[in-house]
1. Given the criterion under 16 Å from Gly76 (Cα atoms), more than 16 Å from the ligand (Cβ to nearest atom) and not aromatic (Phe, Trp, Tyr), identify the matching residue among Gly228, Gly197, Gly223.
2. Return the pairs, sorted by first residue and then second, in which the second residue is within 10 Å of the ligand (Cβ to nearest atom) and part of a loop (DSSP other than H, G, I, E, B), the first residue lies in region 205-223 and is open to solvent by 40 Å² or more (accessible area, probe 1.4 Å), the beta carbons are less than 9 Å apart, and the residues are 6+ apart or on different chains.
3. May I ask you to say which residue of Ala144, Ala192 is crowded, with 24+ Cβ neighbours inside 10 Å and modelled with pLDDT of 95 or more?
4. Identify the residue in region 87-108 that is more than 16 Å from the ligand (Cβ to nearest atom) and part of a loop (DSSP other than H, G, I, E, B) and, among all such residues, is most open to solvent (accessible area, probe 1.4 Å).
5. From the list Ser181, Ser215, exactly one residue is of a type in the set (S, T, N, Q) and more than 11 Å from the ligand (Cβ to nearest atom). Which is it?
6. So which strands (runs of 3 or more DSSP E) are wholly in region 163-269 and hold at least 3 residues that are of a type outside the set (Ser, Thr, Tyr) and within 15 Å of the chain's Cα centre (by Cα)?
7. Among the residues of region 39-86, what is the count of those that are more than 16 Å from the ligand (Cβ to nearest atom), among the aliphatic types (A, V, I, L, M) and in contact with a Phe, Trp or Tyr (Cβ under 8 Å, 6 or more places away or on another chain)?
8. So which of Gly33, Gly44 is in a loop (DSSP other than H, G, I, E, B) and surrounded by fewer than 20 Cβ atoms within 10 Å (Cβ to Cβ)?
Amino acid sequence: MNDAARMLARRGARSSMNLIDLRSDTVTLPSEGMRQAMARAVVGDDQYGEDPTVNKLQERIANDLGKEDALFVASGTMANQIALRVLAKPGDEVLVGYGAHMLLHESGASAVSGVQLSPLGSSGIFGAEHVRAAFKPAGHPLCAPTTMVVIENTHNLGGGIVFPYAESLAVCKAAGELGMSSYLDGARLFNAAIASGHCVKELSKPFRLVSIALSKGLGCPTGSVIAGSTADIAAAHRIRRILGGAMRQVGVLAAAGIYALDHNVGRLVCDHQNAHLLAQRLADVPGVELELGTVETNIVIFRTRENAPDAMTVVQRARRAGVLVSSFDHRTIRAVTCLNVGAAECEQAGRVLRDAISPC
Ligand SMILES: *Cc1c(COP(=O)(O)O)cnc(C)c1O
């Protein structure tokens with residue numbers, strides 16, 4: 001990079017740092033400590049299983065989640081696609097909670113796996129009775145056989161809500177009795193563990209495959225890890241290759257993951273407190289519809305009432321005042337806390353959003 005380019009890059013970094021960015025917890029920036037861990041990483045060719053840092057990360061996650069083996073993959077979307085390919089066949093029906101990432105935000109998840117995704121319930125949370133009611137056995141004259149169920153914990157579109165533990169046990173038990181397999185999209189599983197008091201191993205136990213994201217609240221540049229039995233992870237390894245996701249000296253990325261597990265898990269509780277603070281500031285703004293009970297983790301989802309500005313207007317006004325949030329539909333707005341923002345920023349965001357929604 002020449003000097004002019006370096007100056008522009010610095011200016012870019014500075015101006016984006018002045019903004020309070022609550023669009024997603026994917027906007028986290030690697031800390032100095034994480035960058036040092038990445039720079040020092042011992043690496044090898046991961047396609048040959050020879051990257052010691054990747055191997056260390058995979059063993060650690062497998063151990064933390066109580067599974068035999070684990071595989072480092074490029075993204076949460078890739079982990080989900082791998083799970084669909086490992087556990088279901090083209091033409092199978094896969095049950096997934098209403099509003100799930102797999103259903104809405106993977107640019108057409110069925111294109112790769114060839115499965116039929118069917119939404120259950122109305123909030124991302126569903127019960128064993130929904131699974132039993134939706135189940136179609138193999139050999140049905142008209143319907144696709146239902147072979148897999150997916151739970152998202154925490155549930156993004158539901159406002160980062162924790163999938164109730166007892167319900168997840170019941171869903172997996174019913175799935176097992178019906179001969180179906182189960183997958184946990186745990187992109188924010190560490191948030192769920194902190195909010196629920198159940199450790200990630202407990203939350204993972206009933207599921208055949210589980211994935212967690214390193215690139216959200218844990219603060220890594222990219223990466224997810226999928227964990228399960230030795231045989232399932234061997235199958236996942238092959239699918240990762242088919243998807244073009246086999247990687248080489250990615251110990252530099254795995255080192256960020258290990259650093260995050262050591263330093264960024266406990267602090268997720270701060271993100272939850274900051275989200276709660278922001279939610280409290282918003283809940284009493286006239287024109288805002290917000291169920292404080294749904295703010296269990298680091299996501300705040302709220303709606304603007306008919307007499308208040310719509311979501312796009314609020315997003316634009318807030319941006320002009322230095323606060324970034326996302327609009328999900330005409331009246332729905334999402335704000336997500338992460339390690340880039342503290343309590344003071346959330347107070348400030350609360351003031352900016354209040355003005356954007358009820359201007360005097
Ligand atoms: C973000 C997210 C993913 C996908 O992760 P990417 O790394 O962005 O592909 C999958 N599931 C859930 C619940 C998510 O929030």
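The values are calculated or read from the model by the stated rules, or taken from the named source; none is laboratory data. As the structure is a prediction and not an experimental result, all values here were calculated from the model. Positions of Cβ are backbone-derived with ideal geometry, glycine not excepted, and every protein chain shown enters the neighbour counts. For accessibility, only protein heavy atoms count, side chains too; no ligands or nucleic acids. Shrake-Rupley method; radii C 1.70, N 1.55, O 1.52, S 1.80 Å.
1. Of Gly228, Gly197, Gly223, the one residue that is under 16 Å from Gly76 (Cα atoms), more than 16 Å from the ligand (Cβ to nearest atom) and not aromatic (Phe, Trp, Tyr) is Gly228.
2. Pro221/Leu214; Pro221/Ser215; Thr222/Ala74; Thr222/Ser75; Thr222/Leu214; Thr222/Ser215
3. Numbers: Ala144 fails: crowded, with 24+ Cβ neighbours inside 10 Å.
After ruling out the rest, the residue left standing is Ala192.
4. By that ranking, first place goes to Lys89.
5. Working: Ser215 fails: more than 11 Å from the ligand (Cβ to nearest atom).
Of the residues listed, the single one that is of a type in the set (S, T, N, Q) and more than 11 Å from the ligand (Cβ to nearest atom) is Ser181.
6. Working: elements: 181-186, 209-213, 224-228.
In region 163-269, the matching strands (runs of 3 or more DSSP E) lie at 181-186, 209-213.
7. The number of residues fulfilling the criteria is 1.
8. Checking each option against the conditions leaves just Gly44.
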